[in-house]
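*Asks:* Would you mind keeping the following structure in view while I ask a few things?
The values are calculated or read from the model by the stated rules, or taken from the named source; none is laboratory data. From a predicted model like this one, the values you see are computed outputs, not experimental measurements. Heads up, the Cβs are rebuilt from the backbone with ideal geometry, glycines too, and the neighbour counts pull from every protein chain shown. Note: accessible area is taken over every heavy atom of the protein model, side chains too, but ligands, DNA and RNA are not part of it. Shrake-Rupley method; radii C 1.70, N 1.55, O 1.52, S 1.80 Å.
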Amino acid sequence: MDRPRGAPGRTVRRTARRTVRRAVRPAAALLALALTATACGSGGGSDGGGSADGRIEGSISFQTWNLRAQYKDYFESLVRDFEKQHPDVKVKWLDQPAEHYADKLGADAAAGTLPDVVNVSPDLSYPLAKAGVLMNLDKEQAAAKFKGEYTEESWRGNTLPGLDGSYAFPWYLTTGPLFYNKSLFKDAGLDPEKPPRSYDQLFTAASALARRPGGPTATLAGTPAIEDLGRYGVRLMNDDATAFTYNEPKGVELLTRYKELYDHGGLDPQALTSTPEQAGRKFLEQKVAMNPGGANDLANFRKNAPGLYRSLGITDAPNNTGRPNMYVMGVAVNAHSGHKAAAVAFAHFVTDRRNQDAFAHRVAVFPSTKGSLDDPYWTKDDGTDEGRIRVASAKMLKGAVNYTPVVMSDEMKTILRNEVAKALQGKKSPRQALDDAVAQSNRLLRQK
């Protein structure tokens with residue numbers, strides 16, 4: 001369900017979503033390469049040189065991920081401002097394309113040339129941190145002293161399972177709302193101002209929509225993904241992230257309910273093979289009642305489906321945990337930097353409140369610093385489509401978590417999707433489908 005589509009600042013948001021969706025092959029290669037890196041110096045300095053709480057000086061490198069094309073002036077200004085504050089530091093800004101970014105990180109780690117400060121997401125941090133290439137911020141006083149500046153959710157989002165600490169300063173957050181069609185809800189006898197908040201409410205609404213007097217309407221156009229299992233309250237993995245556990249009884253319960261939904265017309269007939277773009281078209285054509293989306297979709301609805309636009313509701317995806325889903329980006333420090341103090345200072349500078357607020361206002365992502373989302377920019381609808389989505393989405397970030405396990409790869413997600421399809425088609429029982437998905441994914445984990 002939680003597959004946000006187009007949105008303002010889409011380069012950054014697309015990058016963040018791509019990060020979450022892809023990890024297996026790149027991350028496995030990254031870990032294999034990174035395992036050789038702990039004996040190598042990185043970031044242009046000697047291995048482990050300098051103290052993180054020492055003098056802020058030296059030449060450091062800072063690498064972002066597919067941001068130069070649209071935000072060149074922002075980052076060049078950021079570097080200039082930092083160098084003015086710290087005249088003994090020179091920062092070299094690097095930017096890598098989105099494609100093969102994980103492979104690039106792994107190659108640099110293995111060669112001992114990983115930049116001093118690196119833009120990462122938790123799935124990319126994990127293999128590097130496990131190999132000892134990234135600084136544990138919770139255990140380095142020079143970095144840990146800044147922890148209170150960030151929201152608990154964002155700091156926790158960069159804390160890696162089994163590694164006892166956070167390995168990146170929280171940077172920007174992304175999330176997306178769930179659209180629903182108020183007219184379809186009303187026709188089905190549902191209160192259009194009370195969208196489903198829990199999965200029980202979702203399945204009740206789906207039953208009513210499937211019996212709608214004007215003709216049965218599917219509620220959703222996609223099958224359940226790992227985020228749905230997480231929001232349902234399923235334990236996805238063991239504590240040290242060495243084994244998947246989503247085949248527990250609660251996971252089987254959710255898939256069983258989706259099977260009933262599918263059998264009774266609550267899922268679109270093409271849900272098993274639908275792409276996010278196809279699901280979006282179904283929603284625009286008012287053939288499904290709910291679908292994830294973003295501000296770009298609002299403009300599309302206003303132009304191509306004015307009736308839908310007038311009856312559009314915006315809510316969060318249902319959950320049983322009280323915690324919405326979010327995606328997290330961070331800025332990590334190379335544990336082997338020759339100028340640790342400068343690297344920590346710059347990573348903090350990039351992600352401090354002033355600079356996060358400036359970046360988030362420009363790019364339409366969400367800041368992770370405490371108090372930022374209390375600003376009227378995030379709490380008051382300015383009447384624009386972007387403002388409507390911005391305010392709705394910002395509300396969802398309180399208490400949000402990243403449900404996607406950092407070790408879950410594209411291949412593992414495909415396995416789960418395929419097994420879910422078999423259960424919905426009746427080719428396997430929900431229990432057998434999830435047992436098989438977990439067994440296959442755990443085998444892949446052991447191969448890493």
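*Asks:* In this structure, does Gln85 turn out to be within 21 Å of Phe359 (Cα to Cα), surrounded by fewer than 16 Cβ atoms within 10 Å (Cβ to Cβ), modelled with pLDDT of 95 or more and not basic (Lys, Arg)?
*Replies:* Spelling it out, Gln85 is indeed within 21 Å of Phe359 (Cα to Cα), surrounded by fewer than 16 Cβ atoms within 10 Å (Cβ to Cβ), modelled with pLDDT of 95 or more and not basic (Lys, Arg).
*Asks:* Taking the options Lys427, Lys422, name whichever one is assigned to a helix (DSSP H, G or I), modelled with pLDDT of 95 or more and over 23 Å from the mean Cα position of the chain (by Cα).
*Replies:* Answer to the check: Lys422.
*Asks:* Same structure again: So Gly251 ticks every box in (1) more than 15 Å from Gly176 (Cβ to Cβ); (2) modelled with pLDDT under 95 but one. Which box is left unticked?
*Replies:* Here Gly251 meets the rest and fails (2).
*Asks:* Just one of the numbered conditions (1) in a helix (DSSP H, G or I); (2) at pLDDT 95 or above; (3) of a type in the set (A, V, I, L, M, F, W, C) is not true of Ala28; which one?
*Replies:* It is condition (2) that Ala28 fails.
*Asks:* Restricting the stretch 351-405 to residues that are of a type in the set (Lys, Arg), at pLDDT 95 or above and assigned to a helix (DSSP H, G or I), which is nearest to Met329 (Cα to Cα)?
*Replies:* Arg353
*Asks:* Does Val288 fit the bill of being of a type in the set (Val, Ile, Thr) and within 23 Å of the chain's Cα centre (by Cα)?
*Replies:* It is false that Val288 is of a type in the set (Val, Ile, Thr) and within 23 Å of the chain's Cα centre (by Cα).
*Asks:* Looking at the stretch 48-65 only, could you name the residues that are open to solvent by less than 50 Å² (accessible area, probe 1.4 Å) and either touching a Ser or Thr at 6+ places or on another chain (Cβ under 8 Å) or in a helix (DSSP H, G or I) (or both)?
*Replies:* Those that are open to solvent by less than 50 Å² (accessible area, probe 1.4 Å) and either touching a Ser or Thr at 6+ places or on another chain (Cβ under 8 Å) or in a helix (DSSP H, G or I) (or both): Gly49, Ile60, Trp65.
*Asks:* Note down all Cβ pairs under 7 Å where the first residue falls in the stretch 100-122 and is at positive phi, the second is in a loop (DSSP other than H, G, I, E, B) and open to solvent by 10 Å² or more (accessible area, probe 1.4 Å), and they're at least six residues apart or on different chains.
*Replies:* Close Cβ pairs satisfying both conditions: Gly112/Cys40; Gly112/Gly41.
*Asks:* Here's something else I'd like to know. So how many residues does the stretch 205-244 have that are at negative phi and either surrounded by fewer than 16 Cβ atoms within 10 Å (Cβ to Cβ) or not in a loop (DSSP other than H, G, I, E, B) (or both)?
*Replies:* Counting residues in the stretch 205-244 that are at negative phi and either surrounded by fewer than 16 Cβ atoms within 10 Å (Cβ to Cβ) or not in a loop (DSSP other than H, G, I, E, B) (or both) gives 27.
*Asks:* Could you check the stretch 57-82 and list, in sequence order, the residues that are closer than 17 Å to Gln356 by Cα and of a type in the set (Ser, Thr, Tyr)?
*Replies:* Thr64, Tyr71, Tyr74, Ser77
*Asks:* Tell me, which residue of the stretch 188-204 that is among the small types (Gly, Ala, Ser) and surrounded by fewer than 18 Cβ atoms within 10 Å (Cβ to Cβ) is farthest from the chain's Cα centre (by Cα)?
*Replies:* Result: Gly189.
*Asks:* Another question, if that's okay. Output the number of the condition that Gly162 fails; it satisfies all remaining conditions of (1) open to solvent by 40 Å² or more (accessible area, probe 1.4 Å); (2) within 23 Å of Val79 (Cβ to Cβ); (3) modelled with pLDDT under 95.
*Replies:* Single failed check for Gly162: (2).
*Asks:* May I ask you to list the residues in the stretch 304-342 that are in contact with a helix residue (DSSP H, G or I) (Cβ under 7 Å, 6 or more places away or on another chain) and part of a helix (DSSP H, G or I)?
*Replies:* Selection gives Asn304, Leu308, Tyr309, Ala341.
*Asks:* I'm trying to understand the selection: among the residues of the stretch 136-154, which are touching a strand residue (DSSP E or B) at 6+ places or on another chain (Cβ under 9 Å), open to solvent by 10 Å² or more (accessible area, probe 1.4 Å) and in contact (Cβ under 8 Å) with a residue 24 or more places away in the chain?
*Replies:* Of everything in the stretch 136-154, those that are touching a strand residue (DSSP E or B) at 6+ places or on another chain (Cβ under 9 Å), open to solvent by 10 Å² or more (accessible area, probe 1.4 Å) and in contact (Cβ under 8 Å) with a residue 24 or more places away in the chain turn out to be Asn136, Asp138, Glu140, Phe146, Glu149, Thr151, Glu153.
*Asks:* Could you please find all residues in the stretch 336-348 being more than 15 Å from Asn158 (Cβ to Cβ) and open to solvent by 10 Å² or more (accessible area, probe 1.4 Å)?
*Replies:* His336, Gly338, His339, Lys340, Ala345
*Asks:* Now a separate question. Can you find, within the stretch 283-303, the residue that is nearest to Tyr232 (Cα to Cα) among those that are assigned to a helix (DSSP H, G or I) and at pLDDT 95 or above?
*Replies:* Here the residue is Phe283.
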